[in-house]
């Protein structure tokens, strides 16, 4: 794509129903996400001649105007090449890929990363040029990441994720302090705001959206605890914020964590200790059920063995 002149793109079947921001991130590879949102807010991107929002859904046949974009500079990528990704594929069929995403690997390009998981997959395999992320994992979080190969299955999965209890996602986390409950349901509303640098920040707030997190304590130590977490809603940074609200910040969380407690650790994990451990998708719409488990990486496992697992 020639980014130095105005482009008019007609929406094809593969992009029908896609959010505008995701469409732009795919076509403007290397452009920081914050700048992508800025050109939409300024009205430089238009659909059928009209101003739109980043969340606008595209329709088949829409004409998307993209302004001249100069100085697209390649930035360092957290993803090497597709061979790196092939080694972490846990499940692949005609409709879905599930990866064991390493901590530190971005799922999308932007914010200093020219290509994330999804861009790398699209470039490397022609049969996956229309692949889409079903959901997101924070860059610092490891574990099960779903990528849909077909738009119909993408919609089926995303609709199911909006219905609590349909698709089961289970996480493991190490938190500071001795977790006081064997089982706990956290139901605190979460409000997310975008900051000037394009990053999103979430906090507990009465005007926030309903959020529900189930927690089971697996190991309670004096200073650290291993917990199993099932988010029943999909709010931004939900697990991280709910743990912090309980005064048990996740170890290594550089945004919502306890930096003083992290500094006092005798063993430094070198990453945030939050891992998307298991994914269970029930059979639906003539699609088979799927159950996938992602193993812990060396850093997470070594930390556990040095602290909580005797």
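Things worth noting here:
- For the chain, Kirkwood radius (reciprocal of mean inverse C-alpha pair distance, Å): 20.8 Å
- Neighbour counts of C-beta atoms inside 10 Å place 300, 23 in the sequence 23, 300, starting with the fewest.
- Angle in degrees between helix 151-161 and the longest Cα principal axis of the chain, rounded to the nearest 10: 40 degrees
- In terms of its C-alpha gyration tensor, the range 109-173 comes out oblate, because a/c is 1.5 or above while a/b does not outweigh b/c.
- Extension gain from residue 182 to residue 199, taking 0.36 nm per residue of separation minus the Cα-Cα distance: 2.7 nm
- Shape call, the range 165-307: gyration tensor on alpha carbons, a/c limit 1.5: oblate
- Ordered by the number of other Cβ atoms lying within 10 Å of each residue's own Cβ, fewest first, 97, 290 fall into the sequence 290, 97.
- Calculated mean residue ellipticity, 222 nm, the chain: -5500 deg cm²/dmol, from DSSP H runs (n ≥ 4) at -39500 (n - 2.57) each, averaged per residue and rounded to 500.
- Using the Cβ-Cβ distance between residue 306 and residue 63 with R0 = 41 Å, the FRET efficiency computed as 1/(1 + (r/R0)^6) comes to roughly 0.10.
- Going from the fewest other Cβ atoms within 10 Å to the most, the residues 107, 204 appear in the order 204, 107.
- The alpha-carbon atoms of the range 16-67, seen along their principal axes, cover 26, 19, 16 angstrom, with the largest extent given first.
- Normalised convex hull volume, the range 255-310, alpha-carbon set, Å³ per residue: 117 Å³
- Contact order for the range 165-307, expressed relative to its length and based on alpha carbon pairs under 8 Å spaced 6+ residues apart, stands at 26 percent.
- Helix axis angle, 298-307 relative to the chain longest principal axis, alpha carbon, degrees: 20 degrees
Every number here is computed from the coordinates shown, using simple stated rules; none is lab data. Only a predicted model underlies this, so the values are computations on that prediction, with no experimental measurement involved. FYI the Cβ positions are ideal-geometry reconstructions off the backbone, even for glycines, and counts take in every protein chain you see.
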